[in-house]
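What follows is calculated from the coordinates using simple rules that are stated; it is not laboratory data. Treat the numbers as computed from the prediction; the structure is a model and nothing was measured. Cβ placement follows ideal geometry from the backbone for every residue including glycine, while neighbour counts extend to all protein chains displayed.
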Amino acid sequence: MQTYFFTQKRLTLWLVLLLTITLCCSTEAYIDGPWLWMIADGSDIDADNLAIASGGRMTEDHIAKYGVNEGDPLGELQWTRGEIQPTVRCVFLGLWCESNNINELVNAIGLSSNRDINYYSAYALINIISPDDKNDVLMGVGSDDAVKVWLNGEVVHRNNVDRGTEGIQDYFRVNFKAGDNLLLVKVCENRGKWGMFFEIYLNSIDFTLTLPRDFTSPLPTHTTVYFPSSPVQSPTLGELLTFPLNITNGEDVAGYQATVQFDPTALRYVSSTNGDYLRNPFFGKPLIAEDRVTLKAVSFDGESQSNGTLATLTFEVLAVKESTLTLSEVILTNWDAELSYPRVDGESVRQNKDLSEARYTFKIRNPTGGPLNYEIRWTDATSWQTYSLESAYVRTHRWDGDNPPHNYPKIRFDYIAGEGFTYRYYTLDTALLFQDDTGDVPTYFFDWSENKLDLFLDTAAAPSVPRNVVPKETSLSPNYPNPFNPETWIPYQLAKPADVTVSIYSVDGKLVRTLALGHQLAGVYHSRSRAVHWDGRNAFGEPVASGVYFYTLNAGEFTATRKMLIRK
């Protein structure tokens, strides 16, 4: 009886196992390859992780439009051929099934030996050869997690999700042209499994799949085309705004093409004029659409080098709200009609900042005279995001979530003079990231000190208003930084001249310090050179203890009080 029970039990287990394996096997004819694969740090579907990893020398749009060759490098990795398997693994009886086939493929082709890769993006590139034009072709994709698909340089599908996959989940339609059609798929991985399935719903005789072949891709360069990051404060309706389109480190440039995108509910394109960079240029007629304008120009008198202005664009303000100009499809050409693909500064000019979006934003500027490599993470749970910043440029980093991170941003550097590639960490306090009443975004600078790279806050990062503007009302602003140790600045503004005094009190109401500023003219006192400075000491010159303090501004008949925190 015991033997029978044991045999029956073992037989049952074998049947369950067989049933489980059967249910987990895929039967649909997914596209397995041949694909070219690459992975890059970062799992934001809208961040260009290729550009971040390459310092701008390789971008998603560039690869989607022009392709890449097998073996082309990205840092220490190479674009590698691989066929993805439609494997699905289930927990029990065909239930709770998920695929980890991207992670498995990445391990198999040598892009990573990590069997549980998190917070990365995978890129898969393939060429679809169609014998003729085909419209309204159905495609399907399944992904773990977020996915974006390009066809011939255009985004044809995007789904920013956090999910598992065991097959096709999203469907979309595309148009094929006769001949080559480049397909690029990006799949982001947060945590857990990392999988992808792809299908083209045509008969196999209607298309052929190959690796990208002999595409004449423009060469990436160290040249940068950009809009200066100079925010326009509180523009008025109908105001005309001009923005220069600049170029730096240009090499043998005889012509260019650039598309400028804008928010048509905020701005209206008015005109553009040729800049001083090209020599004796012909400025082509701009191609204007509702939300973009494409500029083209070519020189009739040789090539240009170094820095200058390609064009100046003029827009009319239609609505007073945040608006951003972005660049795309920027291509340069030399006198021999050889194309090059410059680095593009996608962050451009903002106006009238939206406080809800800027609350967890900070900027980093590099005036060191050379390239600066650094990494950022917003919480302890995420991986480091790698960036490279050229000399004198400013880069903005923004937290896009609805709630603040559990731990505020941390940055680290791997390029420190005299220390080789030793990491140094900095934690940015949320109070320094944003001034609640104004929306101004601080800029952090880096300076050389004793062969080390030191971090300090820009004095211009405080709330700023043009000094020649007389405010309509007197007000007291939040001190910055807050919390602080040991010093802080207290900004204010006066609608009319007054005798100004700032009194500092402890939490129990005792007077700690009186700062008498004397008679002040009407104006704005926001910068560090004009705001009230308190060194964290009492009337006897002694450092005060950690804790909550209150400061009161008395200016004529005006009185206001705010709270601040010393943290030691």
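Things worth noting here:
- Each peptide among 138-147, 280-289, 267-276 gets the average number of other Cβ atoms lying within 10 Å of its residues, and from highest to lowest they stand as 138-147, 267-276, 280-289.
- Here the convex hull built on the C-alpha positions of segment 475-566 has a volume of 85 cubic angstrom per residue.
- Relative packing of peptides 543-552, 486-495 - highest average C-beta neighbours within 10 Å first: 486-495, 543-552
- Segment Arg279-Leu339, length gained on full extension (0.36 nm per residue, minus Cα span): 19.8 nm
- The local environment of Phe282, defined by Cβ-Cβ distances under 13 Å, has a net charge of +2 under the rule Lys, Arg +1 and Asp, Glu -1.
- Across segment 520-568, Cα-Cα pairs farther apart than 18 Å form 45% of the total.
- Net charge of Cβ neighbours under 15 Å - reference Arg89; Lys, Arg +1; Asp, Glu -1: -3
- Once the Cα-Cα distance is subtracted from the 0.36 nm per residue extended length, the Leu515 to Leu318 segment shows a gain of 66.4 nm.
- For Asn190, the shell of other residues with beta-carbons less than 11 Å away shows a net charge of -2, using +1 for Lys and Arg and -1 for Asp and Glu.
- Taking Arg81, Arg562 and counting other C-beta atoms within 10 Å, the order from fewest to most: Arg81, Arg562
- For segment 18-210, Kirkwood radius (reciprocal of mean inverse C-alpha pair distance, Å): 16.9
- As a calculated quantity, the FRET efficiency between Asn69 and Glu154 at R0 = 22 Å, using C-beta atoms, amounts to about 0.50.
- Cross-link pairs beyond the 28 Å C-alpha cut-off, checked among Lys472/Lys568; Lys134/Lys285; Lys148/Lys193: Lys472/Lys568; Lys134/Lys285
- Burial ranking of peptide ranges 472-480, 301-309, 151-159 (average Cβ count within 10 Å, highest at the top): 472-480, 151-159, 301-309
- Extension gain, Ser328 back to Ala560 (0.36 nm per residue minus Cα-Cα distance, nm): 78.7 nm
- Cα-based shape type of segment 219-345, given that a ≥ b ≥ c are square roots of the gyration tensor eigenvalues and the cut on a/c is 1.5: prolate
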